[in-house]
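All remarks here apply to the structure that follows.
The values are calculated or read from the model by the stated rules, or taken from the named source; none is laboratory data. Just so it is clear, the structure is predicted and the values come from calculations on it, not from any experiment. Glycine gets a Cβ as well: all are built from the backbone with ideal geometry, and neighbour counts include every protein chain shown.
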C-alpha cells in the first residue's frame, strides 16, 4: 500500500500564499453559482454547544465541478478575547474526491473571515445600488475589517466609511490600519449605531450572535439601502428586517432552522431568493433604486471548501506547508 501524507497549512502558511480578496470573491461566487444551479452536496451542519452562547459546527461540502470536497470544524466562543484568544478558530480538512483520502488540514479562521466578507461583497454586487457611496460599519472587529476590503472591490463609487464599536480602542486600531490602505476613502469614527446606519447606502453589522436587544432601528433603514447583518437578525429590530423589499439568504433550509431556534422572533420575512439563485440569474437582484434589500447569510461550507481547494493547489505548486505522515 502507498504511504499517505497530509499537507498541513498554518495560518501564516495560508497568508503567505497571497490569495487576494478579489480572487476569493471569484471563488466564492463560483461556488454560490453551483449552489444556485443545484450542483452541490452540502448536508445540514450539525453542532455542539459546550458553553452557553457558543458553538462548534461541522460543515461538509462537495462541489463536483470544482473538484473540491472537505469539511470545516469551526468554533465560536465570544468570551475567548478575554482570555487572549481568538473568538473564532477551527480547521478545514480537504479530501480527494476520487479516493476520499484526506489531502490537507489547514487553519480555517482566516478562510472564514475572508469568505464571509466575500459573500457580503457578492450580495452587494447584486443587491446594492451600483452608485453606493456611503458604507456604515457597526463593529470594528475582524469582520469589520474584511468586509471593507471586500466591499471596496465591488463598489467603485464608494467614498465614505462610517465605523462604530462599543470598544473605542477597536475603532482607533481600525482607523490606523484601514486609512492608509484605502486612500480613496474617507474613513471616520462615529459615536453611535444610529450615526453609522443613518444615511448609509450599504450597512454592515458585525457584532455578536445572541444579542439580548437590537441595535438597529427601522427608522434608520432608508429606501435604497442594502443591509448585510452578519449575526443573523440579532442586531436588527424585527420591524427593520421586515422593511426589506428583497430578503435574501445563502441557504433557505439553514435559515429556516435558525428561525425555528431563536432567530426572527416575529417570523422570518418572505424569502425572495437564495443568493446563489441571484448569482446564477434564476432570481433578480436589485430592480429599483428605492428598494431596501437585505442579505442575511449564515455561512455555507461550500464557500470554505472552494477557497480551501485553491489554497491547497497553490501550496502544492509552491512547496508550502508541512508534509505529515498519515499512514
Answer yes if at least one residue in segment 18-30 is surrounded by fewer than 20 Cβ atoms within 10 Å (Cβ to Cβ), more than 16 Å from the chain's Cα centre (by Cα) and either modelled with pLDDT under 95 or not assigned by TED's automatic domain parsing to the domain that holds residue 148 (or both), and no otherwise.
yes
Scan segment 254-285 for residues that are modelled with pLDDT of 95 or more, crowded, with 17+ Cβ neighbours inside 10 Å, farther than 22 Å from residue 62 by Cα and out of contact with any strand residue (DSSP E or B) (no Cβ under 6 Å at 6 or more places or on another chain) and jot them down.
285
Of these, 163, 193, which one is crowded, with 21+ Cβ neighbours inside 10 Å, touching a strand residue (DSSP E or B) at 6+ places or on another chain (Cβ under 9 Å), without any contact (Cβ under 8 Å) to a residue 40 or more places away in the chain and within 27 Å of residue 214 (Cα to Cα)?
163
Condition first: in a helix (DSSP H, G or I) and in contact with a helix residue (DSSP H, G or I) (Cβ under 8 Å, 6 or more places away or on another chain). Now tell me which residues in segment 312-327 satisfy that.
315
So is residue 253 within 19 Å of the chain's Cα centre (by Cα), in contact (Cβ under 8 Å) with a residue 12 or more places away in the chain and assigned by TED's automatic domain parsing to the domain that holds residue 267 or not?
yes
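Table: residues versus (1) crowded, with 18+ Cβ neighbours inside 10 Å; (2) within 23 Å of the chain's Cα centre (by Cα); (3) free of Cβ contacts under 8 Å to residues at least 60 places away in the same chain.
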site	(1), (2), (3)
186	no, no, yes
205	yes, yes, no
209	yes, yes, no
214	yes, yes, yes
221	yes, yes, no
Name, by its number, the condition in (1) closer than 25 Å to residue 220 by Cα; (2) in contact (Cβ under 8 Å) with a residue 24 or more places away in the chain; (3) surrounded by 19 or more Cβ atoms within 10 Å (Cβ to Cβ) that does not hold for residue 238.
(3)
